[in-house]
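Okay, structure first, notes after.
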Amino acid sequence: MTNRQRAERNGKEGKKRGKRKQKRKRQMCKQKKGRRRQKAELSHAQIEEKSANTHAAYMCKQKKECSAGLVLIKREREGEREEEREAERGSRSEKRGENEKQESETGVTNG
């Protein structure tokens, strides 16, 4: 006798099974939505990095490449990020210098 038949005999008529299925479906939907939202928040470079890392991890599991590849990728990305940060800092300091010049000329501070 199957569970469904037993439920029918007891007067439940498979009600629980349907609710459980609904609940699981709703949960999966929420997870998918969350993943989509995360992806939308990532920049293009971050998406590329994530895919590269997942590929490296996959290859590592297949024993075709070692995990050192993953570490190398991370180090390269960190190096690129630091260069970008330094460039940003440089541009910010230039802007500050311009603002100070304007203040000294006009005698009024912005803001």
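The values are calculated or read from the model by the stated rules, or taken from the named source; none is laboratory data. Not measured: the values here are computed from a predicted model. Counting neighbours? That spans all protein chains shown, and the Cβs are built from the backbone with ideal geometry, glycine included.
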Restricting the range 1-52 to residues that are within 30 Å of Arg81 (Cβ to Cβ) and of a type in the set (A, V, I, L, M, F, W, C), the residue that is surrounded by the fewest Cβ atoms within 10 Å (Cβ to Cβ): Ala40
Helices (runs of 4 or more DSSP H) contained in the chain and holding at least 3 residues among the basic types (Lys, Arg), touching a Gly at 6+ places or on another chain (Cβ under 6 Å) and modelled with pLDDT of 75 or more: none
